[in-house]
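Report on the structure given below.
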């Protein structure tokens, strides 16, 4: 997959972020948070007309990728939802537009998890985590409008299909 092109300052910001991946986890997460915050402050910087946006579900659009990180714009149609999952790598995301519900889970086995908390994320929200686990969550667009989020993952998109380590079924509880 070929990344979408961006203004030179965004390309430079992404290149700096990729270099930060070699630093300590705390320094890297701080750099990812800062980068996402800067991108979210300029909502016009992502050309929405070039983003794949399926009528149902979600569309993943590669913005930038190196051996250390991959940055994606994800377009969430109303009703789009991920499975409950955790990540094999660092995961940072920020909400560019719309709203998303993030539900956190606690694993009760290798295959099942129970919900522990729930929050609606609005534009400007940024979260970052390392795969120190368990960091199980599910993201859903349960609103009436399309949402767009920007995700920074600590993996090479050319070698791995996604950042998801494992998915879980929701258990009553």
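Every read-out reported here was derived from the displayed coordinates using simple, explicitly stated rules and does not represent laboratory data. Note that the coordinates shown come from a computational prediction; the quantities given were computed from them, not determined experimentally. Glycine also receives a Cβ, built like all others from the backbone with ideal geometry; neighbour counts cover every protein chain displayed.
Structure notes:
- Most fluctuating residue given options 163, 132, 149, as computed from a GNM of the chain linking Cα atoms under 10 Å: 132
- Order of 29, 36, 62 - criterion: other Cβ atoms within 10 Å of each residue's Cβ, fewest first: 62, 29, 36
- Acute angle (nearest 10 degrees) that the helix 8-20 long axis makes with the longest principal axis of the chain, alpha-carbon atoms: 60 degrees
- Zone residues, the range 154-173, relative to residue 62, backbone N less than 17 Å from point 7 Å out along Cα-to-Cβ: 154-164
- On a per residue basis, the convex hull of the C-alpha atoms belonging to the chain measures out at 111 Å³.
- Within a Gaussian network of the chain (alpha carbon springs, distance under 10 Å), most fluctuating of 56, 122, 159: 159
- With a Förster radius of 22 Å applied to the C-beta separation of residue 130 and residue 52, the computed FRET efficiency comes to 0.15.
- Mean Cα-pair separation over length for the chain, i.e. relative contact order, pairs under 8 Å, 6 or more apart, %: 28 percent
- Gain upon complete extension [residue 142, residue 104; 0.36 nm per residue less C-alpha separation]: 12.1 nm
- Added length on full extension, which subtracts the Cα-Cα distance from 0.36 nm per residue, residue 8 to residue 26: 3.8 nm
- Using just its DSSP H runs of length 4 or more, each adding -39500 (n - 2.57), the chain gives a mean residue ellipticity at 222 nm of -5500 deg cm²/dmol after division by all residues.
- Within the listed set 161, 31, 80, the Gaussian network model of the chain (springs between alpha-carbon atoms below 10 Å) gives the highest mean-square fluctuation for 161.
- Cα long-axis angle, helix 25-40 against the chain (0 to 90 degrees, to the nearest 10): 70 degrees
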